[in-house]
Every structure is written in C-alpha cells, then in structure tokens.
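The values are calculated or read from the model by the stated rules, or taken from the named source; none is laboratory data. Bear in mind that the values here come from a model prediction, so they are computed numbers and not experimental data. Positions of Cβ are generated from backbone atoms using ideal geometry, with glycine treated the same way; all protein chains shown enter the neighbour counts.
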Amino acid sequence: MADTQPTEATDEWWRGAAIYQVYVRSFADGDADGTGDLAGVRSRLPYLAALGVDALWFSPWYPSPLADGGYDVADYRAIDPAFGTLAEAEKLIAEARGAGIRTIIDIVPNHVSDRHVWFQAALAAGPGSVERELFHFRPGRGENGELPPNGWRSQFGGPAWTRLPDGDWYLHLFAPEQPDLNWDHPSVRKEHEDVLRFWFDRGVAGVRIDSAAMVAKDPLLPDFEEGRDPHPYIDRDELHEIYRSWRTIADSYDGVLIGEVWLPDAERFVRYLRPDELHTAFNFDFLACPWDAARLRASIDLTLAVHAPVGAPATWVLANHDVTRTATRYGRADTGFDFKTKAHGIPTDLVVGTRRARAAALLTLALPGSVYLYQGEELGLPEVEDIPADRLQDPMYFRSGGTDPGRDGCRVPLPWSGDAPPYGFGGERLWLPQPDGWARYTAEAEQADPESMLTLYRTALDLRRAEPGLGEGPMSWLDSAGEVLAFRRDGDFACVVNLSETPVDLPGHRQVLLASGPLGEDGRLPRDTAVWLRLGE
Ligand code: NOJ
C-alpha cells in the first residue's frame with residue numbers, strides 16, 4: 001500500500017530536512033556568564049555540522065524580559081544583549097550557511113512583551129487611545145468594571161485578563177507580561193510583514209510561527225462555550241488570509257514558513273498547509289502518541305493521508321522546549337504527552353525510556369518528510385526533575401500555584417564535557433542548574449562511545465542523507481505482527497520497530513544498516529528496538 005506519492009525532484013530542501021532546535025540560553029555559553037549565547041553556538045557549529053543537520057531553528061533570540069523564556073519579545077529586530085548583537089547573528093547565519101546549515105528563526109505574532117514600545121505607549125496613552133487599539137483593551141464587567149470582560153483563561157492558568165490602575169483590562173492568552181495583539185488592526189499586520197522581510201533580508205531561510213492558530217480573535221470577544229464553533233480564539237478562518245500574505249513574502253525570498261499549530265482535528269490542521277499558506281507545521285499528534293504500535297501507526301497513516309491532498313510534507317517531532325524529554329516520557333507507564341499530565345515524581349525507568357527513545361529516533365528518521373530534533377535529544381538527556389523551587393523560571397510553574405512543574409526540566413543547559421557541572425557549558429552559576437550525574441551524557445563522552453545516543457543520531461542522520469529512499473517520498477507498510485511497525489521506503493530500505501514484549505523475526509534482508517540496540521543471537525529483534533535494513537535475499 002503506497003501511502004504517499006513520490007514528489008518530483010526538487011530543491012525544496014525543507015521537504016525532507018533534519019532540523020535542530022537551538023534554545024540559545026541553554027545551548028553553549030561563549031562568554032562564561034552562565035547563559036548560552038550566539039558565540040557559544042558559533043563555537044559549536046562544527047559539532048552541529050558533524051551531527052548532520054540541515055537547519056537550525058532558534059527559539060526567540062530577541063531582547064526579552066524573560067517572563068516566558070523569550071516568548072515575550074520586546075524588540076523583533078534585535079538580539080538580546082545576553083546573547084550577542086545583530087551583527088553577530090548575521091555572522092552566525094552566514095557561517096552556518098557556509099557549513100551547509102540553514103537558519104530558521106522564531107516569530108511570535110500573537111503577543112509582545114509588556115516592555116515592547118507599543119505596549120508601553122498604550123499604557124501611557126490611557127483608555128480610549130489609538131495606542132490601545134493595537135491590543136485588546138476593554139472595560140470590565142460588573143458595576144464598577146471589577147470583573148474581567150469575559151471568562152477566558154490563560155494557557156498558563158488563571159484569567160486571561162489583567163486590570164490596569166486606570167480601570168482598563170487587557171487580554172493575554174499567556175502570561176500578563178505577554179499582551180495579545182489585535183490582528184484586526186492594519187498596523188499589526190504591516191509590522192509583522194516588515195519583520196519577516198527584515199530577517200529574510202539577513203539571510204534566514206525560514207520562520208517558525210509561534211502559537212500560529214491563536215492569533216485571530218472574535219472581535220466581540222464572546223465568552224467561551226464548550227463546542228461552540230467557531231472558537232473565539234483558536235483556529236479562526238481569518239488566520240488563513242494572514243498566512244497567505246506571509247507566504248507571498250516568504251516566496252519572494254524562497255523562505256519557508258513553519259507553523260506551531262496545536263489542533264486536535266487533523267483536517268483543520270492541514271488547512272494551514274494549503275499550497276498558498278504555510279509550508280509545513282509541527283505534527284503534534286505524533287508527539288503526543290504513547291509508545292504503542294497501533295496508536296503510532298494510526299497517527300502515521302492519518303498524518304500522511306491528510307497531508308497528501310495539500311501536497312505538504314509531513315513533519316515528525318518527538319520533543320521540544322515545551323514537553324517532557326523523550327527518554328523520561330518513554331520510561332513511564334503513561335508514555336503519551338499531554339500538557340495536563342505533565343508532572344514530576346512519576347516512577348520512571350530511564351533504561352527502558354532510553355531504549356525506546358533510541359528506537360523512536362530510528363522510526364522518526366525513517367518516516368517520509370522532515371524531522372525536528374530538540375537540542376540534547378541527540379545526547380539522550382532525561383528531564384531534570386529536581387531543580388530547586390527557588391531556581392525555577394517557567395511561568396507555568398508559578399501561574400499554576402506550583403501544581404504544574406513547568407518546562408524548565410527540559411531546558412537545562414547542555415553538558416559538553418567533563419565530570420561535574422557546568423560540564424563545559426561555560427560559566428559557574430548557570431541560569432538553570434544542571435544535575436550531578438550528567439558526565440555520561442556529555443557530547444565529549446558520547447562522541448567517543450560507539451554505543452551512545454550521539455553516535456546513533458550521527459550515523460542515522462548520515463545514512464538518511466545517503467539513502468535515496470529516505471526523507472520525502474513514498475512508504476508502504478510491510479506485513480508484521482500486531483505490535484511491530486515495519487515499513488519500506490523507496491528501493492530496498494526498510495525500518496522495523498518492535499514495540500511488543502518479546503523478540504520478533506525480521507523480514508528477509510541482505511544487510512542490517514543500523515540498529516538502535518543489539519539484536520538477539522538468533523538474529524531476532526528484541527523489544528523496544530528498531531532496525532534499518534536493506535531488504536532482499
Ligand atoms: C509556544 C511556545 O513554544 C511556548 O514556549 C510559549 O510559552 C508559548 N507559545 C507562548 O508564546
């Protein structure tokens with residue numbers, strides 16, 4: 001059964017790319033102040049080139065008061081001084097390109113930082129001013145306006161409205177320091193289009209669009225009612241017109257638009273990927289799947305089926321800066337991902353989790369389309385669950401009153417070398433503390449170990465580039481037992497993943513190209529193990 005049609009030969013690199021997410025504060029620290037920076041990234045370009053990735057996606061690198069890890073942007077045309085300068089970003093973009101690596105930046109259109117000049121001007125100008133029209137300011141309800149304009153809740157918990165001393169309320173779907181922009185206002189549209197051009201002019205190859213499905217709001221700001229369609233602020237039809245205009249700009253630079261689109265409905269999701277809209281979007285359905293063959297297979301089938309008619313390539317993501325690290329997640333009884341179940345202190349078997357993370361790496365790298373890798377995943381880092389409360393930074397933790405541990409545990413600075421913190425990261429007191437016991441996860445240690453996660457990723461990324469059937473293209477399922485995923489790519493390449501409890505036979509093959517763990521002496525594939533094969537006698 002062919003699930004996807006082969007696409008014509010194309011220079012559309014992004015259709016099958018391996019893209020590495022850099023969370024700058026935690027990647028590498030060039031000036032030893034405990035915070036990662038652009039100098040750190042530049043010094044590690046050889047590492048990234050050796051890893052074999054095609055592009056880097058930088059989480060927001062703009063000046064930010066860091067109320068939400070940089071997703072509260074104070075100035076979209078500059079670099080946070082803690083990270084470096086605009087000139088340095090330009091150098092980095094050029095150097096990376098010289099090493100064969102493209103740059104993708106993160107644009108945050110839904111909201112700005114409360115320190116952004118627009119919001120500061122709106123605060124100063126007062127109720128009823130034109131400056132406030134760029135945001136969603138409203139009087140309150142109740143006799144004295146003491147109640148919020150509606151009952152919307154912030155994604156981080158608590159009300160989505162904050163009242164100012166002058167009596168007006170303003171909307172923030174995230175933290176109060178992240179006021180939502182009013183996308184019905186032409187200046188908001190124009191500004192973002194200019195910002196896109198600004199970065200494309202500096203050589204970036206693509207843009208990741210934050211919270212892409214939440215940007216447009218029902219202008220009447222009605223109360224949210226379960227099942228009400230359309231939703232007052234998620235997946236509204238007006239968004240498509242906004243992204244069409246962005247596509248025109250991106251096309252004029254050969255740039256790529258990548259949407260962060262969390263939507264449960266796959267049919268609605270792919271509407272963003274119609275030929276004149278976004279090029280690709282993160283496939284969160286796959287990320288949220290538990291370690292379960294039937295669920296994963298259903299997600300893969302659905303993904304390919306809905307992407308085919310719009311001609312957009314699928315994407316495969318196991319982790320990012322918002323979710324529990326893969327090795328930890330797969331080491332738990334409930335291996336799926338759901339923001340509501342994000343918690344610490346859940347019994348975790350890291351041996352099992354790591355074994356599965358290795359198998360999942362080979363699975364995702366063999367699927368048709370592009371793949372995203374979150375920094376540290378290639379080292380097999382676990383979630384850090386014991387960051388002292390007084391060092392936590394994430395508003396999710398604070399706004400939930402501490403009931404949600406937040407996302408700091410997957411944002412801890414990377415270990416590069418040595419036996420103890422800061423593991424060659426740079427600096428003494430890091431912005432988030434690293435745990436003891438990470439010596440075995442350092443890039444230095446893993447580089448020297450043929451069995452390490454790093455070696456697995458390097459070898460797999462290398463093979464993925466060399467194998468003509470990998471990346472975008474057709475795939476077809478091979479017959480297999482219930483809890484085994486086995487599929488063939490163009491030519492004689494096959495991937496087999498055993499999610500059952502017992503070893504299974506492999507299909508007839510000439511060669512084992514790569515395995516995520518040792519095969520049995522009888523040549524069978526053990527549980528939680530994946531293998532890449534050259535089929536044939
Ligand atoms: C999605 C980002 O990935 C997340 O880190 C951030 O908190 C929200 N959008 C708000 O910008």
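See the values below:
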quantity	calculated
First in the stretch 108-123 and in contact (Cβ under 8 Å) with a residue 12 or more places away in the chain and closer than 16 Å to residue 175 by Cβ, second anywhere and within 13 Å of the ligand (Cβ to nearest atom) and among the polar types (S, T, N, Q), Cβ under 7 Å, 6 or more apart	110/211; 111/178; 113/64; 113/178
All positions within the stretch 247-285 that are more than 16 Å from the chain's Cα centre (by Cα) and β-branched (Val, Ile, Thr)	248, 249, 270
Residue pairs meeting the criteria (Cβ under 6 Å; at least 6 apart or on separate chains; first buried (at least 24 other Cβ atoms within 10 Å of the Cβ), in the stretch 522-533; second assigned to a loop (DSSP other than H, G, I, E, B))	525/506; 529/516; 529/517; 530/516
Failed condition for residue 338, given (1) within 16 Å of the ligand (Cβ to nearest atom); (2) at pLDDT 95 or above	(2)
Close pairs from the stretch 195-206: first within 15 Å of residue 251 (Cβ to Cβ), partner modelled with pLDDT of 95 or more and outside any strand (DSSP E or B), Cβ under 6 Å, at least 6 apart	196/249; 200/253; 200/255; 206/255
Residue within the stretch 208-225 that is outside any loop (DSSP other than H, G, I, E, B), touching a residue at least 12 places away in the same chain (Cβ under 8 Å) and not small (Gly, Ala, Ser) present	yes
Flag if residue 402 is within 30 Å of residue 159 (Cα to Cα), free of Cβ contacts under 8 Å to residues at least 60 places away in the same chain and in a loop (DSSP other than H, G, I, E, B)	yes
Scan of the stretch 105-122 for residues that are hydrophobic (A, V, I, L, M, F, W, C) and either at positive phi or within 14 Å of the ligand (Cβ to nearest atom) (or both), ordered by number	105, 107, 108, 112
Candidates 203, 158, 151, filtered to the one that is within 16 Å of the ligand (Cβ to nearest atom), among the small types (Gly, Ala, Ser) and surrounded by fewer than 18 Cβ atoms within 10 Å (Cβ to Cβ)	158
Among (1) touching a residue at least 60 places away in the same chain (Cβ under 8 Å); (2) touching a Pro at 6+ places or on another chain (Cβ under 8 Å); (3) aliphatic (A, V, I, L, M) - the single one residue 171 does not satisfy	(1)
Search result, residues across the stretch 234-258 that are outside any helix (DSSP H, G or I), over 15 Å from residue 216 (Cα atoms) and of a type in the set (Asp, Glu)	254
Pairs, first under 16 Å from residue 211 (Cα atoms) in the stretch 310-323, second more than 15 Å from the ligand (Cβ to nearest atom) and basic (Lys, Arg), C-beta under 8 Å, six or more apart	323/329
Restricting the stretch 460-492 to residues that are in contact (Cβ under 8 Å) with a residue 60 or more places away in the chain, part of a strand (DSSP E or B) and among the hydrophobic types (A, V, I, L, M, F, W, C), the residue that is surrounded by the fewest Cβ atoms within 10 Å (Cβ to Cβ)	477
Pick from the stretch 161-175, criterion away from the ligand (no atom under 13 Å from the Cβ) and buried (at least 20 other Cβ atoms within 10 Å of the Cβ), ranking: nearest to residue 100 (Cα to Cα)	171
Residue count for the stretch 65-80, restricted to those that are within 11 Å of the ligand (Cβ to nearest atom) and within 16 Å of residue 119 (Cα to Cα)	4
Residue ID - nearest to residue 155 (Cα to Cα), chosen from residues in the stretch 213-243 that are of a type in the set (Gly, Ala, Ser) and touching a helix residue (DSSP H, G or I) at 6+ places or on another chain (Cβ under 7 Å)	213
Listing of helices (runs of 4 or more DSSP H) fully contained in the stretch 259-322 that carry 1 or more residues being of a type in the set (Val, Ile, Thr)	266-270, 293-307
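Let's see how each residue does on (1) within 15 Å of the ligand (Cβ to nearest atom); (2) closer than 19 Å to residue 353 by Cα; (3) surrounded by fewer than 22 Cβ atoms within 10 Å (Cβ to Cβ):
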position: 370; (1), (2), (3): no, no, no
position: 374; (1), (2), (3): yes, yes, no
position: 386; (1), (2), (3): no, yes, yes
position: 406; (1), (2), (3): yes, no, no
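Here is a yes/no grid of residues against (1) buried (at least 23 other Cβ atoms within 10 Å of the Cβ); (2) outside the structural domain of residue 197 (by TED's automatic domain parsing); (3) at pLDDT 95 or above; (4) in contact with a Pro (Cβ under 7 Å, 6 or more places away or on another chain):
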| residue | (1), (2), (3), (4) |
| --- | --- |
| 48 | no, no, yes, no |
| 54 | no, no, yes, no |
| 59 | yes, no, yes, no |
| 64 | yes, no, yes, no |
| 70 | yes, no, yes, yes |
| 77 | no, no, yes, no |
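Conditions tested, residue by residue: (1) of a type in the set (Val, Ile, Thr); (2) out of contact with any strand residue (DSSP E or B) (no Cβ under 9 Å at 6 or more places or on another chain); (3) within 16 Å of the ligand (Cβ to nearest atom).
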{"residue": "348", "(1), (2), (3)": "yes, yes, no"}
{"residue": "353", "(1), (2), (3)": "no, yes, no"}
{"residue": "367", "(1), (2), (3)": "no, no, no"}
{"residue": "392", "(1), (2), (3)": "no, yes, yes"}
{"residue": "403", "(1), (2), (3)": "yes, yes, no"}
